[in-house]
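Only one structure is covered here, and it is reproduced in the block below.
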Amino acid sequence: MRDTEFLIQEAAKLATAYVAGHFDRQEPVVRVASAAELAERLDLQPPRTGRSAESLLEDVRSTLHYSVRTGHPGFCNQLFGDHDAAGLLGEWMTALLNTSMYTFEVAPVVTLMELALMRHMCGFVGWPEDEGEGILSPGGSIANLMALLAARNRAQPDAKERGLDPGRRLVVLMSAEAHYSVERAASVAGLGTEAVRKVEVDAVGRMSPEALEAAVVQARASGEQPFFLCATASTTVAGAFDPLESLGEIAARHGLWFHVDAACGGSVLLSAKHRGLMRGVERADSVAWNPHKMMGIPLTCSALLVRERGRLAATNAMGADYLFHQGSDARYDLGDLTLQCGRRVDALKLWLSWRAQGDEGHARRVERLFTLAGTMRDLVEAREGFELLREPEGCNTCFHYLPVGLRGMEPGPARSRAVGEATVAIRERMRAAGRVLVNYATLDGVPAFRHVANNHRTTPEDLGFLLDEIERHAATLPAAAGRAPVPAGAARRSS
Ligand code: ABU
């Protein structure tokens, strides 16, 4: 007990100091070290003889020292980021509770919290009060998989017991820029990745309803059974929102399960100003929505919401009576609604954060991210040498930087190749310097910077600093890639 008390108190001091670093622009986002260097510097071997509490705290210090500071405004590498104090509290209390979310009897309070959250989120989707249920899952990929399994079992009602009907090939439709987890779900569900039809997108990255209609008709004509339409809101790289109203109408007309992968963008539903991006979402049969993205909840926190009550249990329940007993509160057991048996408590951190922020606070956070994304877009457009690649709809900004030596090149494959190589090289230099961490992704066949406005504490100065860093590192590229002048003040915050 003395060790527990000591560790909790010391951990609170360590955590307080660590979080303070998220607010300190002099603090690096990451102290980059290779795997070999880390293995050299850290004592990673589980020991034969146990270590003291002081030694454990040293281990924690070095873990924090070499880890990526995802709550820092310089971390714009992923769709998640930020720091939410109430969420952090919930995460700690989750470990303290050390329970599993399958039955009400071992997780009474947090089960009711999860139910309340799911109802609340279904309300934002816009389903009537007597429709909709949901379950927290370990990430958007699993939420998408669970949606696909529910849809598969609706399309082929014997599938749960007898497997897939070999005479009727099930077909999935998604956009060419949808998340890879949908293809993986098709593979896991026994459909095969070739069952997935990738529908073309427009200049912004939104699925084309006309191309979708054609793909459904063609699949039918080939004797296949299209059954699952996955719309994306918003796409992982470009941040585009598929036109849900039109896609939902097509899904209804063809009897498709309409799933909206809103892992990234679902939180726009909280904002009266931006929820129009998801107009038509109320037509969905299911929605994946990750509060660990725009809402800043600690990872992982991902909801799968399904319109038809009972569909999740019909898909997943196995009648395990050793665990699920009859009783007055058995109807609150959530374990039959999911693929998992043991399941983390992800509800408490979301619930506490929602208590702390309210709908309004979370809406303000979302709106702040949109404002930052708009600023980023404008900065990219205004600065010499930068090229905005897609008109952003959400919080992602995709762009190129052309080192001076490439600016005179005619558009074409050679220029694209050189710009793509420069993007990867500049980004790698920035990563090694550790002041900011921004990702790149292939867009229209060429690597491009993908900036994500994921932290509501980021300032326009932080965004300007990121662009300064790109220019500064571009200037260090070999002459063949073109040298850009080192801009004044670019050394600010550099190590
Ligand atoms: N759903 C995973 C998204 C990964 C990323 O941050 O790009």
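Before moving on, here are some points about what is shown:
- Hits in the range 35-85 (condition: in a loop (DSSP other than H, G, I, E, B), among the small types (Gly, Ala, Ser) and closer than 30 Å to Leu467 by Cα): Ser67, Gly71, Gly74, Gly81
- Residue match in the range 438-453 (condition: more than 16 Å from the ligand (Cβ to nearest atom), in a helix (DSSP H, G or I) and over 21 Å from the mean Cα position of the chain (by Cα)): no
- Residues (within 13 Å of the ligand (Cβ to nearest atom) and either over 14 Å from the mean Cα position of the chain (by Cα) or buried (at least 24 other Cβ atoms within 10 Å of the Cβ) (or both)) located in the range 292-312: His292, Lys293, Met294, Cys301, Ser302
- Residue within the range 259-266 that is in a helix (DSSP H, G or I), in contact with a strand residue (DSSP E or B) (Cβ under 8 Å, 6 or more places away or on another chain) and within 16 Å of the ligand (Cβ to nearest atom) present: yes
- Of all the numbered requirements in (1) more than 16 Å from the ligand (Cβ to nearest atom); (2) out of contact with any Leu (no Cβ under 6 Å at 6 or more places or on another chain); (3) closer than 25 Å to Ala155 by Cβ, Ser271 misses one, and that requirement is (3).
- Subset tally (residues that are under 24 Å from the mean Cα position of the chain (by Cα) and outside any helix (DSSP H, G or I)) for the range 151-191: 9
- Yes/no for Leu229 being farther than 27 Å from Gln357 by Cα, under 21 Å from the mean Cα position of the chain (by Cα), of a type in the set (A, V, I, L, M, F, W, C) and more than 16 Å from the ligand (Cβ to nearest atom): yes
- Condition check for Gly374: surrounded by fewer than 18 Cβ atoms within 10 Å (Cβ to Cβ) and under 30 Å from Thr476 (Cα atoms): yes
- Residue in the range 268-286 that is part of a strand (DSSP E or B) and within 26 Å of Asp130 (Cα to Cα) present: yes
- Those residues of the range 314-369 which are under 18 Å from Leu117 (Cβ atoms) and in a loop (DSSP other than H, G, I, E, B), in sequence order: Asp333, Leu334, Thr338, Gln340, Arg343, Arg344, Val345, Asp346
- Qualifying residue in the range 189-210 (condition: touching a helix residue (DSSP H, G or I) at 6+ places or on another chain (Cβ under 6 Å) and among the basic types (Lys, Arg)): yes
- For the range 370-407, the set of residues classified as polar (S, T, N, Q), outside any helix (DSSP H, G or I) and farther than 14 Å from Ala238 by Cβ is empty.
- Residue selection: Arg435 fails the criterion of being part of a helix (DSSP H, G or I), at pLDDT 95 or above and away from the ligand (no atom under 16 Å from the Cβ).
Conditions tested, residue by residue: (1) under 26 Å from the mean Cα position of the chain (by Cα); (2) more than 16 Å from Phe449 (Cα to Cα); (3) among the basic types (Lys, Arg).
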{"residue": "Asp321", "(1), (2), (3)": "no, yes, no"}
{"residue": "Cys341", "(1), (2), (3)": "yes, yes, no"}
{"residue": "Leu352", "(1), (2), (3)": "yes, yes, no"}
{"residue": "Arg364", "(1), (2), (3)": "yes, yes, yes"}
{"residue": "Met376", "(1), (2), (3)": "yes, no, no"}
{"residue": "Cys398", "(1), (2), (3)": "yes, no, no"}
{"residue": "Arg427", "(1), (2), (3)": "yes, no, yes"}
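- The range 90-140, residues that are touching a residue at least 60 places away in the same chain (Cβ under 8 Å) and small (Gly, Ala, Ser): Gly90, Ser100, Ala107, Ala116, Gly126, Gly132, Gly134, Ser137, Gly139, Gly140
- Any hit, the range 279-287, residues being in contact (Cβ under 8 Å) with a residue 40 or more places away in the chain and within 16 Å of the ligand (Cβ to nearest atom): yes
- Unique residue being outside any helix (DSSP H, G or I) and in contact with a strand residue (DSSP E or B) (Cβ under 9 Å, 6 or more places away or on another chain) when the list is Val29, Val106: Val29
- Search result, residues across the range 295-313 that are in contact with a Leu (Cβ under 7 Å, 6 or more places away or on another chain) and not in a loop (DSSP other than H, G, I, E, B): Ser302, Ala303, Val306, Leu312, Ala313
The values are calculated or read from the model by the stated rules, or taken from the named source; none is laboratory data. What you see is a predicted model, and the numbers here were worked out from it, not measured in a lab. Note that each Cβ is placed from the backbone with ideal geometry, even for glycine, and that neighbours are counted across all protein chains shown.
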